[in-house]
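Undergrad: Sharing a structure below in structure tokens format, with a few things to ask.
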Amino acid sequence: MSEASGAIGSGSATQTRQYSTFRVADMFMGIELTRVQELLRYQEMTSVPLAPRAIEGLINLRGQIVTALDVRRILGLPAVASEESLPMNIVIQSDGGAVSLLVDEICDVLDVPLEAAMPLPENLPAQQRELIEGVYQLESGLLLVMNTERVLESAAN
Amino acid sequence: MEFAEEVREFLIESNENLGVLDQEIVELEKNPTDEKLIASVFRTIHTIKGTSGFFGFEILGSTTHVAENLLGQVREKQRSLTPELVSLVLETVDVVKAVLANIEERGEEGADVYHDLRKRLDDAYNSPSGSSAAPEHSSAAPANFRTGHAVDAMERAGAETPLENHSTSAFPLPAEEVTVMEAAPEPVEDEHLEEPSVEPAIHGKSETALAKPGVANVVPSAGSGANNSAAGSTIRVDVHLLDKLMNLVGELVLARNQILQGSADKTGASSGASQRLNLITSELQEGVMRTRMQPIGVVWNKLPRVIRDLASEVGKRIEIVMEGAETELDKTIIEAIKDPLTHIVRNSCDHGIEKPEVRVAKGKKAAGTVLLRAYHEGGHVNIEVSDDGAGIDPERVKRKAVEKGLVRAEQAALMSEWEALRLIFLPGFSTAEKVTSISGRGVGMDVVKTNIEKIGGAVDLFNRPGAGSTVKIKIPLTLAIIPGLIISLDNNRISRGMAVKREDRFVIPQANLLELVRLEGAEDWKQIEHIHGTPVYRRRGKLLPLAYLSQVLGFPPRGKERDVESDVLNIVIVQAEETAFGLVVDGVSDTQEIVVKALGKQLKSLSCYVGATIMGDGKIALILDVPGLARLANILPQQLERGRSEAKSAETNANEKQTLLLFRAGRFPRLVVALSMVARLEEFSRSRVEYAAGLPVINYREAILPLASLGAMLDPGVPDAAMDNGLLQVIVFSEGNRHVGLVVDQILDIVEEKVTVKRAKSSFGLLGSAVVGGKITDFLDLGALIEAVIGGPAEAQPSSSGAVLLVDPSKISRGVLRSYLDMHGSQVLEAPDADAALEILSRVPVALVIAAAGRAKSGGAALLDAMRGRDRLAAIPVLAILESGSAGDWCVETPAGLRFDGAVARTDRGGLLAFLHRLENIEAAREVSLAGSDK
């Protein structure tokens, strides 16, 4: 669950925000926890012929039909190497209902100090720059915050 | 404010009453002496006035009070109801609506005191056309309306008491007495009303309504009777509550499906219980759905007022006729079609119906009619809005579209009438020369179409130039739970080095389903033919396009490209917007009730799905949108630019393109015949030909097919070698269960052309010649040829069309035409002239009228004019019979500028039957789309 990651250096209280983090290929990303409805392991999906490529299929979520988006495709990353690993689901809320993002692996929920925010790295491909709304420098590396609205939009095309 | 609930009640009830009031007042205008209407209108205004007083809404109260006085005079026959008075009353109603809206929004009546209106009402009240004792009623207007109320009561009690004594100053009534006043009118009213029991009912209703802080709406009010009958047996329920119920029932249906699946294997007590659960759930579902149904009259009853205002604004006379107002629709659908319907009606009034002078000049009634029709049909509700106006001019539409840059001039020139009409549905289109306040700006038919398609419906337009137009809307009865057929496609993939068999399931809504066909074995497979590479399936003599669902959905091509003939082929015959076609699938399961769930935003734009559902085993199945599939499969035209689609409506125009079979035989290098008449194209080895009674025949599909060499028939006496070929090219024609094979030399092509027979030939077997594909080509007179080969009519096959009415002064001619039709199996009626024809038309439903129109006195033209002027008859197609010599003149116009739906020469049996075929078998027009060569 959440680990309190203390402020860098002094023991004074700092502003933090909680992010649900996950991994896609070698990108370590996060979404604000308030936007996340639930986290699930692999769910069986029904494919939708003729749908945009980013839409991997539909999931039955307790009687609700939820669209599942392939984050790798949206970010322009190559497909999963082996068929062994099954994607996990991060279900987020959107104005059109719940949508599930398919990621390689779900990681912990982190308390991220706001002052660790940094500008976007220069070497990020254009396609991905659009979809990332912020970057934090953590001890373990960079955390890229996903811009969920743009991700949903680009999935429709 | 303690009164909040009651105020809400008051608002809702008043709005309901006002809705009915609009309609009643318009009715009243037409029948100004109808006592029941007057009484009803009076009562409604009186009720509003009374209740406003209770709440202290002074503006409302005093305005309605003056109006009530006026109506009181009318009721007492002291004044007659003139159109100006009606307008005044309607204006009052509008003011009431506005004030009520203010109250709803802000809790107060608003600043406007409506002095001017009240003054006018007062003036009307005091004007001399009323009889006795209407002296100066000094402006009681802004003053204490309760005073006026007292004056009222006094006035009635003592008829002719001059009012001065009671004006302004007198009777400042204390507030408590208001409630007493409520009761006071009652005994007085009883004397005047014919139905005294009614008043207490209304009174009682408003009491109980005030008492119950309940919630709102949804009582269907189908007319003025609603106020009275509604009092006892209905209850108001919040629409949101009903929505919740519907959702719960939906979930229950899903759960029941799951249980059913599970218990299908078990037996015993649990299965008994699940059976009961099944029954109960179905009934519950049906019941809840019905709570949300409202008659479409609820939407329609606003329209008389709309039309009345419109008509007077533009100086036209328009009547409205409504059929099927009791047809019920789900409430959400009613909400969705309110605006589109209003817009369509406004269009008819604004652009369709002509001014009275113009109409009279055209021989129509001075008043135009807007006809609204609604009826259930197979899981759908059809709504039609027809007018008997000028119709739509396709050329004008085309010009406008080109002007607006919606289409290029060259494309427009190629368009058929049907396609031109559809330009109206493009965004940005508006034919108004000047945009009036009525039809609005920018809110065009495209918005109407989008809104209707959003709820799963379809819009179409039918045009009768000079005679009016009809807009047809088709919407599904309910959105939430529909019966559907489960089908499956094999989706075999290689996964982790192994072949994985997977079946993907889809649902086809039963409303689109026509038939299921299973082909097994070589014999069955013969019913699938390939014309120019496009597979088609013959279903009872008609050719239907076939689409492989796996291909349409973009599945990877199968391992074996052509299915082996020993396999089983499942074809689902479906219907999309009046076009039938076959869908080839891998597996067909059963029909189930499925709960339709909407797809997410990202998938909404996919035209091939209507939604998705969760099956009994928890897996998801996509629900197919049949019209969307048809468009994807190129069976329906996708965009207007893809042109070359044929007319769907039964009102065929002889100038439309026809699909023709081009071939050569004997001395004729180029011959054509309408492809719709062709049953099959065959190649027979000469050795198969046998002789019966000296004539060549072939054993064909367990029947005997007589053969004849076409070349020899067209040119008797000239030696013909067609029958000597090793391989005979035969065109097989069928009429019912009788077949003829005409042997030709070579089949050349299938073409689509507009047919204009330039020169009528008198030689046997030919109709004439025309230019086809840039060259002179001869047209076959199929009727005469078939008759020559197989003789006269045998047993007729019952035709599915309605009766046919023949109109011709000559008995002999009628006999000849009748003989053509008898063999076709139609029911035939005869009439010697237009009058007799009209008499028959008024009694019997007729599907087609065939009228002689060549000679001046034959009456066909007069009959057409008379028919188009009458609503019921305007849509019946009329075929003109012309004399043989004038067969080149395919487009005949009457003096009034009306056109027949088609014209054939008297001897053109083939053309006549072709016309009949087109009317009946609209699918046959789809059979050979050259989309194959378009792609």
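Undergrad: Would you mind computing, in nm to one decimal, how far apart the modelled labels at B:GLU326 and A:GLU153 are, each placed 7 Å from Cα along Cα→Cβ?
TA: Taking the two extended label points, one gets 5.3 nm.
Undergrad: Moving to a separate point now. Given the peptides A:126-137, B:538-549, arrange them by the average over their residues of other C-beta atoms within 10 Å, most packed first.
TA: In descending order of packing, they fall as B:538-549, A:126-137.
Undergrad: Cα gyration tensor of chain A, axes a ≥ b ≥ c as square roots of the eigenvalues: rounded (a/c below 1.5), prolate (a/b > b/c) or oblate?
TA: prolate
Undergrad: Less than 10 Å Cβ to Cβ from B:VAL402, Lys/Arg counted +1 and Asp/Glu -1: what total charge do the surrounding residues give?
TA: Taking every Cβ under 10 Å from that of B:VAL402, the sum is +3.
Undergrad: Here is a follow-up. Net charge near B:GLU109: determine it from the other residues with C-beta under 13 Å of the C-beta of B:GLU109, scoring Lys and Arg +1 and Asp and Glu -1.
TA: Neighbourhood net charge equals -3.
Undergrad: Same structure, new question: How do B:686-695, B:33-42 rank on mean C-beta neighbours within 10 Å, highest first?
TA: Details: B:686-695: 9.9, B:33-42: 17.9.
Result, highest mean first: B:33-42, B:686-695.
Undergrad: Still on this model: Using a ≥ b ≥ c from the Cα gyration tensor of region B:236-352 (square roots of the eigenvalues), is it rounded, prolate or oblate, where a/c under 1.5 gives rounded and otherwise the larger of a/b and b/c decides, a/b for prolate?
TA: prolate
Undergrad: Across peptide A:63-74, what mean number of C-beta atoms from other chains lies inside 10 Å of a residue's C-beta?
TA: Taking the mean over all residues of the peptide, I get 3.
Undergrad: Separate question: In the Gaussian network model of chain A, springs joining C-alpha atoms below 10 Å, which of A:SER85, A:SER100, A:SER140 carries the largest mean-square fluctuation?
TA: Result: A:SER140 has the largest fluctuation of those listed.
Undergrad: For a protection proxy built on the mean count of beta-carbon atoms within 10 angstrom, sort A:105-112, B:407-414, B:344-351, B:290-297 highest first, please.
TA: B:344-351, B:290-297, A:105-112, B:407-414
Undergrad: For the pair A:SER140/B:ASP339, report the inter-label distance in nm, with labels modelled 7 Å from Cα in the Cβ direction.
TA: Distance between the two pseudo-spin positions: 5.0 nm.
Undergrad: Here's another thing I want to ask about it. Of B:LYS331/B:LYS449; B:LYS501/B:LYS597; B:LYS302/B:LYS331; B:LYS449/B:LYS472; B:LYS316/B:LYS364; B:LYS30/B:LYS338, which sit over 22 Å apart, Cα to Cα?
TA: Details: B:LYS331/B:LYS449 19 Å; B:LYS501/B:LYS597 27 Å; B:LYS302/B:LYS331 16 Å; B:LYS449/B:LYS472 11 Å; B:LYS316/B:LYS364 13 Å; B:LYS30/B:LYS338 25 Å.
Going by Cα-Cα distance, B:LYS501/B:LYS597; B:LYS30/B:LYS338 fall outside the 22 Å limit.
Undergrad: Please compute the average number of Cβ atoms from other chains found within 10 Å of each residue's Cβ in peptide A:54-61.
TA: Taking the mean over all residues of the peptide, I get 3.
Undergrad: Quick one: if you stick a label point 7 Å off each Cα along the C-beta vector at B:ASP567 and A:SER85, how many nm between them?
TA: 3.8
Undergrad: In addition: How crowded by other chains is B:33-41, given as the mean number of beta carbons from other chains within 10 Å of each beta carbon? Walk me through the numbers before you get to the answer.
TA: Details: counts 0, 0, 0, 0, 0, 0, 0, 0, 0.
Mean number of neighbouring Cβ atoms from other chains: 0.
Here, each number is a calculation from the coordinates, and none is a lab measurement. In this text the structure is predicted, and so the values were computed from the model without any measurement. With ideal geometry, Cβ positions are generated from the backbone for all residues, glycine too; neighbour counts draw on all protein chains shown.
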